[in-house]
Amino acid sequence: MSLTHIDIDDEALDTAKRLGGHRTKTAAVAAALEVYNKRLARDAAYDKYFEMARGWDVEGAEESHRADKDTARR
């Protein structure tokens with residue numbers, strides 16, 4: 001973990017602490033970064049599958065879905 005000094009809006013940070021039930025500023029920022037990173041990863045996955053799906057017909061979509069399920073089971 002690294003120590004970083006950044007400027008954050010006090011009102012936004014207090015709101016995040018209150019709504020998230022966090023006791024410290026560090027906990028609120030860490031939780032916000034975790035949510036942000038998960039969102040970006042999910043968006044990237046959506047983009048990947050939308051790009052792959054451009055040429056699919058129904059059979060192609062079903063085949064890809066089966067392949068993903070088979071990979072997940074392993």
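Where a number appears in this text, it was derived from the coordinates with a stated rule and is not lab data. Just so it is clear, the structure is predicted and the values come from calculations on it, not from any experiment. Cβ placement follows ideal geometry from the backbone for every residue including glycine, while neighbour counts extend to all protein chains displayed.
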Checklist line | Degrees between helix 25-53 axis and first principal axis of the chain (Cα, 0 to 90, nearest 10) | finding: 20
Notebook entry, point to check: What is the magnitude of the charge dipole of the chain about its Cα centre, with +1 placed on the Cβ of each Lys and Arg, -1 on the Cβ of each Asp and Glu, and no other charges, expressed in debye to the nearest 20?
Noted result: 460
Check: Would you list Leu13, Leu40 from fewest to most Cβ contacts within 10 Å?
Finding: Leu40, Leu13
Notebook entry, point to check: Using the reciprocal of the averaged 1/r over all distinct C-alpha pairs, how large is the Kirkwood radius of the stretch 10-73 in Å?
Noted result: 14.7
Checklist line | Paramagnetic reach from Thr71 in the stretch 6-49 [backbone N under 12 Å; point 7 Å along Cα→Cβ] | finding: 45, 48-49
Item checked: Pairs of lysine residues in the chain - Cα separation under 21 Å, sequence separation of 8 or more or cross-chain -> 5
Checklist line | Farthest positive-ward along the chain dipole, Cα basis, beta-carbon charges - from Ala12, Ala28, Gly55 | finding: Ala28
Check: Mind checking which of Asp47, Asp57, Asp14 has the largest fluctuation in a GNM of the chain, springs on alpha carbons under 10 Å?
Finding: Asp57
